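Report on one structure; see the data block that follows.
The values are calculated or read from the model by the stated rules, or taken from the named source; none is laboratory data. Worth saying up front: this structure is predicted, and the values here are computed from it rather than measured. Heads up, the Cβs are rebuilt from the backbone with ideal geometry, glycines too, and the neighbour counts pull from every protein chain shown.
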Amino acid sequence: MSPDRSGHPSRDLFRRGIHRPRTWPLVLGLAAALTWSGGSAPAGAGPSSSGLKAAIDTILTDSRMDGGAAGVVVADAASGQRLYERDAGVRLMPASNTKLATSAAAMELLGPGYRFRTDVLSTGRRDGPVLHGDLYLRGGGDPTTLASDYGRLAAQLRESGVRRVTGRLIADDTRFDTRRLGRSWAADDESSYYSAQISPLTVAPDSDYDSGTVAVEVSPGAAPGDRPAVRLTPPNDYVRVDVQGSTAPAGGADTLTVERAHGTNTLVVDGEIPVGGPPTKEWVTVWEPAGYAAAVFAAALAEQGVRLAGTPLLGRPAPPGATVLATHSSMPLRKLLLPFMKLSNNMHAEALTKTIGYETSGSGTWGAGLTAIDRYLREEGVETAKLRQVDGSGLSRMNAFSADQLADLLLAVRDAPWYTDWHASLPVACAPDRAVGGTLRTRMCNTPAALSARAKTGTLTGASALSGYVEDAAGRGLVFSIVLNNHLASSVKDIEDAIVVTLASSDTAGGAIAAAVEPGPRNGHRPVPADLECTWRKPGTC
């Protein structure tokens with residue numbers, strides 16, 4: 001993810017499952033015991049640590065890290081013994097590695113079976129098919145609610161016999177506070193789907209559950225100069241489309257952009273799309289997701305033959321004692337973790353953070369949620385006085401964690417009763433199914449780390465991270481955290497990968513260290529740009 005991204009993403013081939021697995025550029029050289037000179041090995045690390053240190057230190061000499069910062073920790077998963085440390089206590093921007101803290105706290109504080117609820121309520125009086133009074137749509141924080149879920153709520157109301165509501169539809173989004181965007185999120189990301197507004201009442205356009213966004217598909221006209229055709233998913237009249245672009249001659253460049261004007265729900269379609277070219281698809285945020293949800297639900301009611309009086313109102317709580325007429329429950333948290341962590345969904349992280357605040361203190365705010373997450377981390381032995389977390393997702397550049405703190409958390413959660421589900425939510429290296437491999441699905445292919453390493457990725461401009469688990473060549477479980485900052489290159493992902501492949505290729509206890517030597521720019525290798533998380537790229541380039 002990147003509030004400082006360069007250029008605007010266009011199509012999303014990654015979402016469609018179209019990718020070309022990248023062949024592994026690393027050369028594996030086996031060294032039974034690499035000679036290390038200088039510095040000191042971690043206390044009690046044993047004879048193999050000097051070889052491991054030499055191997056990882058060599059990887060980190062890559063010229064892309066000149067002038068940058070690297071915090072790296074490798075530990076034995078069973079004992080916690082540090083096998084390698086490099087500036088382990090230095091605070092760096094963790095990017096989406098922040099989600100490790102948020103997701104673990106959510107599993108502990110909310111529970112694996114936690115479900116969000118969206119309710120339809122009223123205090124009105126029934127008179128046959130007529131409901132006298134207002135109808136409330138109350139959001140419980142669910143970031144995965146689809147238009148089809150609102151359709152089922154409308155069907156439940158119709159099945160109860162209601163055909164007309166004399167009052168208005170009122171969107172109750174009061175479970176969370178009215179602060180919609182996180183601290184220090186970039187203003188130029190406002191319409192980007194990884195930076196949507198956070199509301200307890202929202203809509204996701206598809207089963208990637210990018211809540212608070214509408215999918216916009218733009219197709220070329222039949223002839224040059226024609227107006228492009230625009231289709232919205234879900235269909236709604238909450239946003240307005242202003243088509244300023246045109247159709248270009250066949251074979252021309254696709255320069256089409258779709259952006260939302262600040263403070264409005266006007267989606268501006270500009271640029272050109274060539275005759276016969278594929279559609280351009282963008283996921284664009286809406287202004288005030290509760291109104292979006294109310295509009296989608298109102299349309300669903302109309303489709304079910306349930307009439308409302310007037311237009312929806314926003315921001316009023318359902319009165320105490322209101323009767324629940326229809327309800328929708330989300331998937332349990334253990335299942336929600338999969339799209340959340342595999343696809344690095346920022347909005348899920350923030351909804352969970354505010355929900356943690358609501359459930360632990362009755363306050364659906366970032367402050368309350370982060371306080372509870374901090375308390376949980378301290379109980380797990382993470383020294384929170386030496387870190388800063390200001391959001392749940394890592395989108396803010398104010399977050400500051402050390403590799404040591406991330407490693408401490410990865411070690412601490414291994415005995416949690418929910419660990420198996422949480423561990424399964426981490427992306428898996430080179431697993432081709434995006435529901436399994438997620439943001440690692442094209443990385444470390446054709447290496448011993450493929451299908452072995454499970455880790456959370458993290459990307460901001462100038463910040464990259466990879467933290468998780470891998471088994472070495474002898475089956476020894478290892479924990480690793482790699483946080484790289486202040487690099488000017490667009491990507492340092494293969495540096496991270498080289499470290500993890502070295503771990504997977506080596507017998508760290510026996511001293512046989514298989515060093516992954518990464519070519520890097522110093523011998524002509526040109527890295528793939530990676531300013532955004534892999535799944536956030538449109539088109540998918542990783």
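Residues to consider are Gly167, Gly182, Gly111; find the one that is part of a loop (DSSP other than H, G, I, E, B) and either in contact with a Cys (Cβ under 8 Å, 6 or more places away or on another chain) or at positive phi (or both). Please lay out each step first, then the result.
Values: Gly167 fails: either in contact with a Cys (Cβ under 8 Å, 6 or more places away or on another chain) or at positive phi (or both); Gly182 fails: either in contact with a Cys (Cβ under 8 Å, 6 or more places away or on another chain) or at positive phi (or both).
Of the residues listed, the single one that is part of a loop (DSSP other than H, G, I, E, B) and either in contact with a Cys (Cβ under 8 Å, 6 or more places away or on another chain) or at positive phi (or both) is Gly111.
Tally up the residues in the range 204-228 that are closer than 19 Å to Thr257 by Cα and part of a strand (DSSP E or B), please.
Total meeting the criteria: 7.
Does Ala372 meet the test of being hydrophobic (A, V, I, L, M, F, W, C), part of a helix (DSSP H, G or I) and farther than 15 Å from Asp173 by Cα? So that I can check it myself, show each step before the final result.
Numbers: hydrophobic (A, V, I, L, M, F, W, C): yes; part of a helix (DSSP H, G or I): yes; farther than 15 Å from Asp173 by Cα: yes.
The answer is yes for Ala372.
How many residues, within the range 181-211, are under 14 Å from Lys354 (Cα atoms) and out of contact with any Gly (no Cβ under 9 Å at 6 or more places or on another chain)?
Qualifying residue count, the range 181-211: 2.
Run Ala515 past the list (1) among the hydrophobic types (A, V, I, L, M, F, W, C); (2) at pLDDT 95 or above; (3) touching a helix residue (DSSP H, G or I) at 6+ places or on another chain (Cβ under 9 Å); (4) buried (at least 22 other Cβ atoms within 10 Å of the Cβ) and report the number of the one that doesn't hold.
Only one criterion in (1) among the hydrophobic types (A, V, I, L, M, F, W, C); (2) at pLDDT 95 or above; (3) touching a helix residue (DSSP H, G or I) at 6+ places or on another chain (Cβ under 9 Å); (4) buried (at least 22 other Cβ atoms within 10 Å of the Cβ) is unmet by Ala515, namely (2).
Look through Asp415, Asp408 and report the one residue that is surrounded by fewer than 24 Cβ atoms within 10 Å (Cβ to Cβ) and either under 26 Å from Leu60 (Cα atoms) or touching a helix residue (DSSP H, G or I) at 6+ places or on another chain (Cβ under 6 Å) (or both). Give the steps one after another, and end with the answer.
Numbers: Asp415 fails: either under 26 Å from Leu60 (Cα atoms) or touching a helix residue (DSSP H, G or I) at 6+ places or on another chain (Cβ under 6 Å) (or both).
Just one listed residue meets the conditions, Asp408.
Could you please find all residues in the range 127-164 being of a type in the set (D, E, K, R), more than 34 Å from the chain's Cα centre (by Cα) and not in a loop (DSSP other than H, G, I, E, B)?
So the first thing to find is which residues in the range 127-164 are of a type in the set (D, E, K, R), and the list is 127, 134, 138, 142, 149, 152, 158-159, 163-164.
Next, only the ones that are more than 34 Å from the chain's Cα centre (by Cα) stay: 127, 134, 158-159, 163-164.
Listed by number, the residues that qualify are Asp127, Arg158, Glu159, Arg164.
So if I check each of Leu325, Leu301, Leu314, which one is among the hydrophobic types (A, V, I, L, M, F, W, C), buried (at least 20 other Cβ atoms within 10 Å of the Cβ) and over 25 Å from the mean Cα position of the chain (by Cα)? Working first, answer last.
Working: Leu325 fails: buried (at least 20 other Cβ atoms within 10 Å of the Cβ); Leu314 fails: buried (at least 20 other Cβ atoms within 10 Å of the Cβ).
So the residue among Leu325, Leu301, Leu314 that is among the hydrophobic types (A, V, I, L, M, F, W, C), buried (at least 20 other Cβ atoms within 10 Å of the Cβ) and over 25 Å from the mean Cα position of the chain (by Cα) is Leu301.
For the range 219-243, which positions are under 25 Å from the mean Cα position of the chain (by Cα) and β-branched (Val, Ile, Thr)?
Answer for the range 219-243, where residues must be under 25 Å from the mean Cα position of the chain (by Cα) and β-branched (Val, Ile, Thr): Thr233, Val239.
Looking at Ala474, is it touching a Cys at 6+ places or on another chain (Cβ under 6 Å) and free of Cβ contacts under 8 Å to residues at least 40 places away in the same chain?
Values: touching a Cys at 6+ places or on another chain (Cβ under 6 Å): no; free of Cβ contacts under 8 Å to residues at least 40 places away in the same chain: yes.
Here the answer is no, as Ala474 does not meet what is asked.
Examine the range 335-357 for a residue that is crowded, with 19+ Cβ neighbours inside 10 Å, of a type outside the set (Ser, Thr, Tyr) and over 30 Å from Arg388 (Cα atoms), and state whether such a residue exists.
Scanning the range 335-357, I find no residue that is crowded, with 19+ Cβ neighbours inside 10 Å, of a type outside the set (Ser, Thr, Tyr) and over 30 Å from Arg388 (Cα atoms), so the answer is no.
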